[in-house]
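Report on the following structure.
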Amino acid sequence: MTGQRATEAASLSSSLAEHLLRFHERFGDAPGARLFFSPGRVNLMGAHLDYNGGPVMPMAIDRGTFLAVRSRSDREVHLASTLEAGSLAASLDELPARATGAWHDYPVGVIHHLLRERGPGEGVDVLYGGNLPIGAGLSSSASICVGTALALHHVWGLEVSTLACVEAALWGEREFVGVRCGIMDPYAVGFARPGHLLWLDCKDSSTSLIPFDVDALTVAVADTGIRRDLAQGAFNERVAECARAFEQLRPFAPEATCLRDVEASVVEAHAGELDDTALRRARHVAAEVRRTFEARDALLRGDLAAFGARMSASHTSLREDFEVSVPELDALFEAALGWDGVLGSRLTGAGFGGCTVVLLRREARSGFADHVGARFEQRFGRRPRISFFQGDPGPRPIDL
Ligand code: GLA
């Protein structure tokens, strides 16, 4: 382990030790509590492609959700959080049947799925916490959902399978919470590995790992501080618009099974037959599919400048054609590109606020946060939070 990695592992252990103390304060200090960590993710390429069947290139990050879990002798489920107000106490047999708008909708959805798929479990106390900004486009919800599924697999003695955890997370978010999300987030949380980007083809769910030179490169995330709950509708609206674009284009692309299959030339040839919104959405998707393949090729041949250029082109397309940017995201994007050593940047996650991701050469890291922070502050009167992320080995039990 390098010096830096050892320091990070020690810091995660001490944060989790602290989390265990909070758990004992909240739920009593009987023995048997277990700790789990589940990462967030940042997506470098392939924006709004997962629910259109396209390819994406996320990495899991070394910030995420902490879970302290202890089984109970009855069938009660108690869920609490150090980060969010409100808690849940209910019997496994009487869990809320519908989402209520509370943070615990996410774990409750996962528990419903596990109970249905894997049989009855016993009651549990769970305390959630972590070091991942919530609602910032770093997939706090998938982090919570995959982490919940993993922890319950362990506590309930089920055979642990990453795919089963990913499926439980997806079901919870889509069917219970009602976000029409694609498959990227739980796959990234579950399957990404350090030193790589995950290549996930969302048409057939196939994955591979693409080497990512963590000694030469740094991934930074700049946070606008603006939060928008995905379930609020703007995200689902984009999903519906893409579905509409596909319906309008389908007659001209008979082989296509999803919008990802419709080439840019077909979109342009039939521009007049699409409504203006559908046309813009389809333009972004077709161009982003091409850019994402080009970005993968660039990374594989070590052409980092070409990779970064695809990221930045993605931002422009998200702003102009997909219309999910906001002035704060554009300001972070522009400020980042003005720093020597930045290879590319774009908004990440759904947009409408949240974060930009920046790829920069490692030696360009010093001074970067001040440069971007000062420019953002000039316009918006506050400093954005800027963090540097490493990759992460994925959701796991942590023994202190
Ligand atoms: C959100 C969703 C993802 C994905 C991104 C956009 O983060 O949860 O499934 O669609 O937006 O790329």
Neighbours by Cβ (under 6 Å, 6+ apart or cross-chain): first from the range 141-170, under 17 Å from VAL126 (Cα atoms); second surrounded by fewer than 20 Cβ atoms within 10 Å (Cβ to Cβ) and of a type in the set (Gly, Ala, Ser):
VAL155/SER71; TRP156/GLY121
Within the range 377-397, identify whether any single residue is touching a strand residue (DSSP E or B) at 6+ places or on another chain (Cβ under 7 Å), in a helix (DSSP H, G or I) and surrounded by 23 or more Cβ atoms within 10 Å (Cβ to Cβ), and answer yes or no.
no
Sole exception among (1) within 15 Å of the ligand (Cβ to nearest atom); (2) surrounded by fewer than 22 Cβ atoms within 10 Å (Cβ to Cβ); (3) of a type in the set (A, V, I, L, M, F, W, C) for CYS355, by number
(2)
Give just the number: which of (1) buried (at least 20 other Cβ atoms within 10 Å of the Cβ); (2) free of Cβ contacts under 8 Å to residues at least 60 places away in the same chain; (3) over 14 Å from VAL219 (Cα atoms) does PHE322 not satisfy?
(2)
Per the filter on the range 318-365, residues assigned to a strand (DSSP E or B) and not polar (S, T, N, Q) are VAL342, LEU343, GLY344, ARG346, LEU347, CYS355, VAL357, VAL358, LEU359, LEU360, ARG361
Within the group HIS154, HIS196, which residue is at pLDDT 95 or above, within 30 Å of GLY28 (Cα to Cα) and of a type outside the set (A, V, I, L, M)?
HIS154
Inspect the range 20-38 for any residue being within 16 Å of the ligand (Cβ to nearest atom), within 29 Å of VAL285 (Cα to Cα), in contact with a Gly (Cβ under 7 Å, 6 or more places away or on another chain) and in a strand (DSSP E or B) and give the result as yes or no.
no
If VAL179 passes every condition in (1) away from the ligand (no atom under 11 Å from the Cβ); (2) within 22 Å of ARG260 (Cβ to Cβ); (3) among the aliphatic types (A, V, I, L, M) but one, which one does it miss?
(1)
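The values are calculated or read from the model by the stated rules, or taken from the named source; none is laboratory data. On a predicted model such as this, the values are computed, not experimentally measured, just so you know. Here the Cβ is made from the backbone with ideal geometry for all residues, glycine too, and neighbour counts use every protein chain on show.
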